[in-house]
Amino acid sequence: MKIWDPVHECMDREALRELQLRRLKQTLDRVYHNVPCYQQKFTDIGFHPDDLQTLEDLQRLPFTDKEDLRRNYPYGMFAVPMKEVVRIHSSSGTTGKPTVVGYSRRDLDTWTELVARFMTAAGVTAEDIVHIAFGYGLFTGAFGLHYGAERIGASVIPISSGNTDKQLMIMHDYRSSALVCTPSYALTMADRMERTGLDPQSLDLRVGLFGAEPWSEEMRREIERRLEIVATDNYGLSEVMGPGVAGECLCRRGMHIFEDHFLPEIIDPETGEVLPPGSVGELVITSLTKEAFPVVRYRTRDITRLDYAPCDCGRTMVRMQKTMGRSDDMLIIKGVNVFPTQIEEVLFQMEGCEPHYQLIVDRVNNVDTLEVRVEVNEKIFFDEMKQQKAFVEAVEKRLASTLGVGARVKLVEPASMPRHEGKAVRVIDRRKL
Amino acid sequence: MTVQQISVFIENKTGRLAEVTRVIGNAGINIRALSLADTSDFGILRLIVDSPDKALQVLKEDGFTVSKTEVIAVEVPDRPKGLNGILEKLDQAGINVEYMYAFVEPNGGEAIIIFRFDDIQRALEMLPEMDVKLVKSDKIFSA
């Protein structure tokens, strides 16, 4: 199995810790001097970057969360002047203002290298024809994989997302061998292939690199069986870099976090306390090399576990398990971040009513579905069916424009939703992830 | 001269309709006429009962979402074209029917149609002029 950057990926852990400490100092220096938000955070607890002696000293620093990024929208968290920023991406921004992230020329180079690492780990080589079916745009997925694949020397087809029939035609005719998309889109493709009678044997596809949404081992097996490929997982988030924070090798026992660039911690999401190795908790990441948009102790809200046991592939970098959930109530539906509070806001805007509601998330034929159950009350009950239906449609329309993803509204009778100790159960996620 | 109708929101699941009739039956309330408009998710049950205020109260107490609506009851000759005659007159007068349902008055031998119009005031003014006979609520409630 080829390793893209064996010098770093197989580093002795003592040497790695030294490298991390050196880079962490540089990062803290950079943010202290260039990002007012961090300077304030450090000053508040009487911390100066010179105080950092060991990696453990990082634990003294406060976390950075999405709220910090939002407060400093759009460029307040940038640590370099705009003339040094050569690329801008952003998060989906479904909870209000999006998070804007910037990359210096060196950041783009690092990003490209890290994507090349996990693509190589998944078995992609210069011989491959890489079919990128992520949407090209502000979303980090497509461009991240694109440059990484080019760096490896593979041939890239930047087909972007949508138009499944055309995707399949190109995949067949251009002999795509590596597929890049969300796992659910891979299954949509498999469905279409079955309906149109396209035999996976007639394709050259052999490996898939999937990310941008949570998925289960069961889903992996289904993708592998139906597309006749090896399916691999990768992890990243725009606030930290995009794809390339971590990626699976062919041993497929967790995603190697590229620790020479990102320092991971696992914390108790309730207390913020750092948990011992092997514990399940929220992943917190500090970037070690980013110039334009460094983050210190960024709370990813993703729940996972780190495994420091040596991997058969020879890489020494720690592996993170597939994320098991979120420490906040965010849902990822069709790749879009959805918070129950957004739905609540829409409902409360309707005729000034304050209904009880519940979200039922499911995955039907590999497509995520969102049903919003709303308990009817006198303010939203109309004797005329026409008016009642119009109300439902109006809510659906507002939800679609607020969330960026469609939701079905179902009116239910009062008190039909369970209330535990006075607190409603807001989300029922039936997807087996 | 309107009639009070009780509307109840009913989720489309087994037993809910029976629950409504049980609640009002236990309260000694008699149903005179009803209609059910439904979708795959929910239905709106409309009831004409002999004591609407009491029905409203007991259903609310049982957790149902209920509303009271003013509708108009019209007497229709119980013979072919009896209803058609009235509908044509309404059409000519440009009065729009939101919904309607009918029952036959067992004692009087007349059919009674319950109408919900979009402009109830205008309907109340026009109907007598059109020779349409309105039915008083006490007649409906107490038959």
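The values are calculated or read from the model by the stated rules, or taken from the named source; none is laboratory data. These numbers come from a predicted model, not from an experiment. All Cβ positions, glycine included, derive from the backbone under ideal geometry; neighbour counts span all protein chains shown. Just so you know, the surface numbers come from the protein's heavy atoms only, side chains and all, with ligands and any DNA or RNA stripped out. Shrake-Rupley method; radii C 1.70, N 1.55, O 1.52, S 1.80 Å.
Largest first, the extents of the alpha carbon coordinates of chain A on the three principal axes equal 72, 62, 42 Å.
Cross-link partners of A:Lys83 among lysines, defined as those whose alpha carbon lies under 17 angstrom from its own and excluding same-chain residues fewer than eight positions apart: A:Lys290. Atom-type composition of the exposed protein surface of chain A places 49 percent of the accessible area on carbon and sulfur (1.4 angstrom probe). Calculated over segment A:326-409, the projected area of the Cα convex hull averaged across directions stands at 5.8 nm². Between B:Asp91 and A:Ser202, the modelled labels are 5.6 nm apart [label points 7 Å from Cα along Cα→Cβ]. Rg and Dmax of segment B:70-136, both derived from C-alpha coordinates alone, stand at 11.1, 33 Å. Straight-line reach from A:Lys2: taking Cα to Cα under 15 Å and skipping same-chain neighbours fewer than 8 places apart, the aspartates and glutamates in range are A:Glu113, A:Glu127, A:Asp128, A:Glu248, A:Asp312. Going 7 Å from the Cα of A:Arg71 toward and past its Cβ, which residues in segment A:32-65 have a backbone nitrogen under 14 Å from where you end up? A:36-45, A:62-65, by backbone N distance to the label point. Need the per-residue list for segment A:368-393: every residue with at least 50 Å² less accessible surface in the complex of protein chains than in the chain by itself, probe 1.4 Å, sorted by number. Correct list: A:Glu378, A:Phe381, A:Asp383, A:Glu384, A:Met385. Across segment B:16-143, the relative contact order, built from alpha-carbon pairs under 8 Å that are at least six residues apart, equals 24 percent.
What does a probe at A:Ala394 reach in segment A:306-347, counting residues whose amide N is under 19 Å from the point 7 Å along Cα→Cβ? Hits in segment A:306-347 for A:Ala394 at 19 Å: A:343-347. Peptide A:310-317 shows a mean partner chain C-beta count of 0 within 10 Å per residue C-beta.
Solvent-accessible area assigned to carbon and sulfur over segment B:70-136 amounts to 47 percent, based on a 1.4 Å probe.
Accessible area buried by the pairing of B and A, both sides summed with a 1.4 Å probe, works out to roughly 1800 Å².
Helices in chain A, meaning DSSP H runs of at least 4 residues, each add -39500 (n - 2.57). Divided by all residues, the mean residue ellipticity at 222 nm is -9500 deg cm²/dmol. Rolling a 1.4 Å probe over the protein heavy atoms gives segment A:127-186 an accessible area of 38 Å² per residue.
Using the structure shown, select from A:Lys66/A:Lys389; A:Lys97/A:Lys410; A:Lys334/A:Lys386; B:Lys81/B:Lys139 the pairs with a Cα to Cα distance greater than 26 angstrom.
Cα-Cα > 26 Å for A:Lys66/A:Lys389; A:Lys97/A:Lys410; A:Lys334/A:Lys386; rest within.
Compactness of chain B, taken as the C-alpha radius of gyration over 2.2 N^0.38 Å, stands at 1.08. Per residue of B:12-24, other chain Cβ atoms within 10 Å of the residue Cβ number 1 on average.
Annotation: amide H-H contacts under 5 Å for A:Val101 (H modelled 1.01 Å from N, sequence separation of 5 or more, or interchain): A:His89, A:Ser90, A:Ser91.
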